[in-house]
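A quick write-up on the structure given underneath.
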Amino acid sequence: MNHTMHSGSGTEPAEGRRRTARGVVRLALLVVTLVTAALVVAACGGDGAGYTSASSAGSATPSALPSSSPSADPSATATPSPAASESRIAAGDFVPVAHAADGTAELWQTAGGGYELRLRAFSVDDGPDLFVWLVDDPRPNDNDAVLDAEYVNAGVLKATSGTQKYALPRGFDPDGYRAVVIWCKEFSENFAYASLR
């Protein structure tokens, strides 16, 4: 049983550190957002209302605001779609194993060069301690197949239904993992899998 990119039975402290790191990143993003908002307010004359002073008349006039009318230069208002530089590299439909499941697993390469797992139109029976794993076995149709496979833990299952995204760890090799598994750690049970093609 050779497992990679996980910390085995000592995952609780590592997951705690990851949660702490995520909290620090969220706090930093909040601070950056607040500082940016303060700079925008200062640039708008300090009142935040979106007005600047007209120097000759001494009255307030609206600053440049986006309008719904077409611009003379369409490229000036066009924002490139972040999805335009992403690419889906593999996908597969979920197959029930121990519990009912439906939906599609998709492996995407993101604009930044990383990888993300997306579950679309997804549903699975509720259970305790459910995780999303990527495994090297393309057809992990029982518990032993998963236990014998090398895997990457994408994280705790966020919800038993709906569209979900999981950022995969830096250094993830998409060629090494051929299926997505909904795994119950508490009972070592394979709820469902999707082969990635």
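What follows is calculated from the coordinates using simple rules that are stated; it is not laboratory data. Since the structure is predicted, the reported quantities are computational estimates derived from the model, not experimental observations. Cβ: placed from backbone, ideal geometry, glycine included. Neighbour counts: every protein chain shown.
Does segment 132-152 hold any residues that are more than 10 Å from Val180 (Cα to Cα) and out of contact with any Asp or Glu (no Cβ under 8 Å at 6 or more places or on another chain), and which are they?
Correct list: Asn141, Asp142, Asp144, Leu147.
Quick check on my filter: what residues within segment 98-138 are touching a strand residue (DSSP E or B) at 6+ places or on another chain (Cβ under 9 Å), on the phi > 0 side of the Ramachandran plot and exposed (fewer than 15 other Cβ atoms within 10 Å of the Cβ)?
Within segment 98-138, Ala121, Asp129 qualify.
Which residues, counting only those in segment 167-181, are surrounded by fewer than 20 Cβ atoms within 10 Å (Cβ to Cβ) and closer than 25 Å to Asp126 by Cβ?
Ala167
I'm trying to understand the selection: among the residues of segment 154-165, which are buried (at least 20 other Cβ atoms within 10 Å of the Cβ) and not small (Gly, Ala, Ser)?
Residues of segment 154-165 that are buried (at least 20 other Cβ atoms within 10 Å of the Cβ), as a first pass: 154, 157.
Scanning segment 154-165 gives a single hit, Leu157.
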